[in-house]
Amino acid sequence: MILRGFVLILAVAGLYFALRHHGASDAVRATRVREPSLAPDFSLPNLKGQELELSSYRGKVVLLDFWATWCVPCREEIPHLVELQNKYRDQGLQIIGVSMDDGPEPVRDFYQTFKMNYPVVMGTARTGELYGGVLGLPIAFLIGRDGRINAKHIGATDVSVFEKEIVNLMRGGDGSNSRGS
Amino acid sequence: MNFSCKLCSGLLIVGAVSIVLTSAVLAYQAALIPSSRLISPDGLVEILKSAKSETPLMIQVGSHVLYTQAHIPNSEYIGPASSESGLQALRKRVEPLPRNTFIVLYCGCCPWSHCPNVKPADDALHAMGFTNVKVLYIASNFGADWVEKGYPVAKGD
């Protein structure tokens, strides 16, 4: 009975991940920025209502993650981002979440539930426009210690891709990795 | 193996299967909309261009922040249909309309298979008896599949 149960779990899980791969494959785009430009600065309220200025993180490697609580691929990424923040905090990584939810309430609940360990601010349409239009989620920007955008990822991104780019940037590289994207 | 151990194993299996199935259904519900109820972006643009075609009532059922950045001109913002408040707003908006009204629903928040909003909206309208509803098939997101294609866009509320 137990064996049959595990076979059933494996079959369902296989279907789930097959669907997941199929659904995400045509949607993910990664762009290595050839001539990095300064990340547009912003000052936005965090979940406690305090203003967060992006430029105050100059000197750190910043992963700027546009997301929303209702966005399934965004939700799937969050635990991996939490791990990355834990792993590389002392080496100068700062992840900043920009929620594109319409209000902070669901974000606060989500923040607690998922034990998020990096600041989240409430984004606006203006913030999206500053970054070339955030017209689909998730979108992540990788910003070097000099404040310049080195990479843009549209759609769910494998954590290993983020990690390679982050490590490279922390070592003073340009954020590119072996994918050559 | 004693009875309690078998019971625990059984419950574990049932729980795990339930979690996986629930996640799968929630994540991929847009993919369950029959293709006969879909309309492509270029198909909708042709209708909007044509003087002879009936102009549909276009309703955005996603995020307001995304709508404010860019939306289809003359489309209306209703709110995320994945929430009960969004669904209520949708039902209230269409309630007085004839059931053969041509309605196009769209979102574009996420890749199609991950969109949590279009399927509940489509289901709600069909449950109300609407017979001429189409859902705009946006493969990746509204930016890539509409704005970057050069189709008409409006901004603001």
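Reported to the nearest whole Å, the Cα centre-to-centre distance from segment A:85-158 to segment A:58-80 is 4. Dipole magnitude for segment A:64-149: computed about the Cα centre from +1 point charges on Lys and Arg Cβ and -1 point charges on Asp and Glu Cβ, it is near 260 debye. Other protein chain C-beta atoms within 10 Å of residue C-beta, averaged over A:69-75: 6.
Between residue A:90 and residue B:54, what FRET efficiency comes out of the Förster formula 1/(1 + (r/R0)^6) with R0 = 45 Å and r the beta carbon distance, rounded to 0.05?
Working: r = 62 Å, r/R0 = 1.37.
E(calc), rounded to 0.05, equals 0.15.
For residue B:92, the lysines whose Cα comes closer than 22 Å to its Cα, not counting residues fewer than 8 places off in the same chain, are B:119, B:134.
For segment A:32-161, the gyration tensor built on C-alpha atoms gives a rounded shape. Its axis ratio a/c (a ≥ b ≥ c) stays under 1.5. Shielding value for A:93-104 is 2, the average number of Cβ atoms from other chains within 10 Å of each residue's Cβ.
Once the Cβ-Cβ distance of residue B:155 and residue A:83 is raised to the sixth power relative to R0 = 35 Å, the FRET efficiency obtained is 0.40. Between the C-alpha center of segment B:86-105 and that of segment B:27-58 there is a gap of 16 Å. Neighbour counts of other Cβ atoms within 10 Å put B:63, B:35, B:40, B:85 in the fewest-to-most order B:35, B:85, B:40, B:63. Label-to-label distance for residue B:32 and residue A:148 is 4.9 nm, based on points extended 7 Å past Cα in the beta-carbon direction. Only aspartates and glutamates eight or more places from residue A:152 in sequence, or on another chain, were considered; those with a Cα closer than 15 Å are A:35, A:65, A:129, A:163, A:165, A:174. The lysines whose alpha-carbon is closer than 27 Å to the alpha-carbon of residue A:48, local same-chain residues fewer than 8 away aside, are A:60, A:87, A:115.
Read-outs: derived from the displayed coordinates by stated rules, not from any lab. Small disclaimer: the values here were computed from a predicted structure and weren't measured. In this analysis, Cβ positions are derived from the backbone assuming ideal geometry, glycine residues included, and neighbour counts consider all displayed protein chains.
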